Amino acid sequence: MNNVRLCFVLLHYKTFDDTEKCVDSMKNLEEPCHIIIVDNFSDNGSLEKIREKYEDEDNIFIIENEKNLGYAEGIQKGYSYARNYLHDRMIVCTNNDIVIRDKDFVERVYQSFEKSGFHVAGPDIISLVDAGHQNPMQITSKNLKDVKKEINRYRMLYFLSKIGIYDILKKNKDRIEHKHKGVTLHKPKEKIIMETPERAEGVCLFGACYIFSPKFVNVEKRGFRAGTFLYMEENIMYKYCKKKHYKVLYDPSIRIYHKEDSSTNTIFPKNKEKREFIFKNMIQSLKEYCKYME
């Protein structure tokens with residue numbers, strides 16, 4: 001694999017400290033690699049800090065988007081640059097709030113590809129919030145009818161939030177549940193997986209880190225599919241790879257650590273704004289997801 005240069009592509013939006021920790025962890029790896037930082041139109045001075053710290057380094061490239069393009073389109077700018085201009089053929093697309101602690105990360109990626117010949121791979125993603133393992137993830141709503149129900153549900157939630165009823169209904173629901181302790185009135189949250197999941201193929205990978213191999217990069221001009229701003233990229237990728245008969249691999253021998261949601265929390269300090277952002281973009285993303293199910 002000595003002739004295949006690995007390139008990291010990470011999407012930055014406003015949170016300089018996260019990007020700095022992420023990039024510095026990549027710089028400390030044993031194997032040299034390219035690093036592309038894509039700024040998604042930050043307007044809080046963090047881009048200027050990135051330029052000041054990294055623009056003179058030969059293996060680090062900074063791309064500035066002229067507006068916030070969302071996750072899939074934002075990170076696509078870096079994928080295209082890595083593929084078409086740097087001619088890298090192993091491209092790792094990540095959030096900016098991940099950290100790599102294994103110095104031999106790149107070698108582990110190469111070994112995994114040599115053994116399995118994957119098109120797309122996902123590492124063991126360990127949460128820095130609760131130490132849970134985020135890969136692999138469950139596919140959302142496997143049939144078209146359920147997806148359309150989800151769209152209608154998010155439309156209703158968005159409407160209720162906009163007119164100020166959402167919080168009232170939630171408080172009433174919480175009050176009822178507190179009164180009837182032991183009675184399950186809603187679907188419980190999925191249990192966090194504390195043990196490392198076993199290696200698996202044909203699974204849905206969590207979007208914080210995707211490893212695109214030469215088998216994928218040589219034929220695919222895009223990394224993530226178009227049409228979403230945020231959310232559901234993983235489900236769409238799962239369906240796309242399945243349709244193309246691409247080998248998708250979860251490999252726990254490759255590890256990263258994930259802070260989670262730092263950029264979204266920076267944008268929306270208020271719960272109302274954040275949830276309406278989520279509801280609105282889930283509607284759009286679910287509509288896009290429908291196209292891959294028909």
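Take the solvent-accessible surface of the protein heavy atoms, probe 1.4 Å, and return the percent of it on segment 89-167 that carbon and sulfur atoms account for. Taking all protein chains in place, segment 89-167 shows 52 percent carbon and sulfur surface. For the chain, the 222 nm mean residue ellipticity estimated from helices alone, with every DSSP H stretch of n ≥ 4 adding -39500 (n - 2.57) and the total spread over all residues, rounds to -13000 deg cm²/dmol. Taking the protein heavy atoms of segment 12-72 in the context of the full set of protein chains, the accessible area attributed to carbon and sulfur is 41 percent at 1.4 Å.
For segment 89-138, the solvent-accessible area works out to 34 Å² per residue, with a probe of 1.4 Å and every protein chain left in place. Straight Cα distances below 15 angstrom link LYS272 to the aspartates and glutamates ASP167, with same-chain residues fewer than 8 positions distant left out. The LEU144 and GLU195 beta-carbon pair, evaluated with R₀ = 30 Å, returns a calculated FRET efficiency of approximately 0.30.
Compared with the dominant Cα axis of the chain, that is its longest principal axis, helix 271-291 is turned about 70°. The residues packed around THR140, meaning those with a beta-carbon under 11 Å from its beta-carbon, carry a net charge of -1 if Lys and Arg are +1 and Asp and Glu are -1.
Between amide H atoms placed 1.01 Å from N, distances below 5 Å from ILE63 occur with ILE37, VAL38, ASP39, all of them 5 or more places distant or on a separate chain.
Defining a contact as two alpha carbons under 8 Å apart and six or more residues distant in sequence, what relative contact order in percent does the chain show? Reported as a whole number, the value is 27 percent. Here the 3J(HN,Hα) profile of segment 76-81, calculated from phi with Karplus coefficients 6.51, -1.76 and 1.60 at θ = phi - 60°, is 4, 4, x, 4, 4, 5 Hz, Gly and Pro shown as x. Where both partners of a DSSP beta bridge lie in the chain, what percent of those bridges are antiparallel, to the nearest 5? Once the DSSP bridges in the chain are tallied, antiparallel ones form about 30 percent. Rolling a 1.4 Å probe over the protein heavy atoms leaves ASP130 with an accessible area of roughly 60 Å². Using Cα atoms only, what is the angle between the long axis of helix 16-27 and the major principal axis of the chain, expressed in degrees (0 to 90) to the nearest 10? That helix lies at roughly 40 degrees to the long axis. Stretching ILE163 away from ASP56 to a fully extended chain increases their span by 33.5 nm, per 0.36 nm per residue minus the current alpha-carbon distance. Scoring 272-279, 251-258 by mean Cβ neighbours within 10 Å over their residues and listing the highest first yields 251-258, 272-279.
Within the shell defined by Cβ-Cβ distances under 10 Å, the residues around CYS204 carry a net charge of +1, with Lys and Arg each +1 and Asp and Glu each -1.
3J(HN,Hα) along segment 115-127, derived from phi through the Karplus expression 6.51 cos²θ - 1.76 cosθ + 1.60 where θ = phi - 60°, amounts to 7, 10, x, 5, 8, 9, 10, x, x, 6, 9, 9, 6 Hz, with x in place of Gly and Pro. Taking amide H positions as modeled 1.01 Å from N, with prolines and chain starts lacking one, the residues under 5 Å from PHE8 and 5 or more places away or on another chain are HIS34, ILE35, ILE36, VAL92. Per-residue surface analysis assigns SER46 an accessible area of about 0 Å², computed on protein heavy atoms at 1.4 Å probe radius. Relative contact order for segment 8-74: 38 percent, from Cα pairs under 8 Å spaced at least 6 residues apart, divided by residue count.
Packing around the peptides 132-138, 231-237, 142-148, 26-32, taken as the average count of other Cβ atoms within 10 Å per residue, puts them in this order, highest first: 231-237, 132-138, 26-32, 142-148.
The values are calculated or read from the model by the stated rules, or taken from the named source; none is laboratory data. Please read these numbers as outputs of a predicted model, since none were measured by experiment. Positions of Cβ are backbone-derived with ideal geometry, glycine not excepted, and every protein chain shown enters the neighbour counts. In case anyone asks, the SASA skips ligands and DNA or RNA and just uses the protein heavy atoms, side chains included. Shrake-Rupley method; radii C 1.70, N 1.55, O 1.52, S 1.80 Å.
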